[in-house]
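The values are calculated or read from the model by the stated rules, or taken from the named source; none is laboratory data. Values in this document were obtained by computation on a predicted structure and should not be read as measured data. Positions of Cβ are backbone-derived with ideal geometry, glycine not excepted, and every protein chain shown enters the neighbour counts.
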Amino acid sequence: MNSIFETKDGSHSIESEKFGVPYHSRHGAITESMHVFIANGFQEAIADKTELRILEIGFGSGLNTLLTALEAEKLPVRVSYIALEAFPCSDQLLSELNYPDQIENPIAAEYFSRIHQFSWDEPAPLSDHFLLKKKHIDFLAFEPKDKFDLIYLDAFAPTAQPELWTKETLGTYFEWMNPGGILTTYCAKGQVRRDFQSHGGQVERLPGPPGKREMLRIKRP
């Protein structure tokens, strides 16, 4: 059974029983998500856009989805967000996560609850700015109809799910990106960086969140 634990910034994360790894950094779940996916992903991708198509590879606890939706409310941007998850957590476990208490936003609790109440595989409007579709699917079986402006690569680490980090699979993620699109990930392994470069990606090695020296941001020319 998956279990909840508290990270160093006070926010919860989940320990995966199946893979034996945590869903987030033990140094801070919210801190990591804000740094890797919001500050270095979402805020970079919206620079000159009023609409944004986002793909999350690894919905997990729903934290990245929540933080992105809250950021979108602050801006004149419409977000279409697809979140992939092969191994959904139980409703009971998700209801015990403390993210709404840790985020200083009056709508965080409502959004977090609705994100998890929405049915799988059906698009649902979280707000006028944010359309969410959660897909219960193996990542490698996903076949998108359209490309994306921003991809959050938040699968478990290569040591836990190596099939999601092969050169071929990274090339598939790259092909899902629009020209000018961005992919961000906490994983800064040299082989991942080199494989994205071999597919034509412009790879940036950025300072990582607490506990990690680096993270990666990939842009498609």
From ILE30, ILE38, ILE46, residue being aliphatic (A, V, I, L, M), touching an Asp or Glu at 6+ places or on another chain (Cβ under 9 Å), surrounded by fewer than 22 Cβ atoms within 10 Å (Cβ to Cβ) and under 17 Å from GLN102 (Cα atoms): ILE38
When residues of the range 62-118 are limited to those that are in a helix (DSSP H, G or I) and among the charged types (D, E, K, R), the one surrounded by the fewest Cβ atoms within 10 Å (Cβ to Cβ): ASP91
How about the range 85-115: which of its residues are closer than 25 Å to ALA47 by Cα and either touching a residue at least 12 places away in the same chain (Cβ under 8 Å) or polar (S, T, N, Q) (or both)? ILE103, ASN105, ILE107, ALA108, TYR111
Identify all residues within the range 1-44 that are part of a loop (DSSP other than H, G, I, E, B), within 16 Å of PHE59 (Cα to Cα) and hydroxyl-bearing (Ser, Thr, Tyr); write none if there are none. SER16, TYR23, SER25
Matching entry among ASP149, ASP154 (being under 18 Å from the mean Cα position of the chain (by Cα), over 30 Å from ASP91 (Cβ atoms) and not β-branched (Val, Ile, Thr)): ASP149
Would the range 144-163 turn up any residue that is surrounded by fewer than 15 Cβ atoms within 10 Å (Cβ to Cβ), of a type in the set (Asp, Glu) and part of a loop (DSSP other than H, G, I, E, B)? yes
Within the range 196-221, take every residue that is part of a loop (DSSP other than H, G, I, E, B) and charged (D, E, K, R) and give me the one that is surrounded by the most Cβ atoms within 10 Å (Cβ to Cβ). ARG220
Would you point out which residue out of SER33, SER127 is within 17 Å of the chain's Cα centre (by Cα) and modelled with pLDDT of 95 or more? SER33
Taking the range 164-195 as the search range and keeping residues that are closer than 26 Å to GLY20 by Cβ and among the acidic types (Asp, Glu), which one is surrounded by the fewest Cβ atoms within 10 Å (Cβ to Cβ)? GLU168
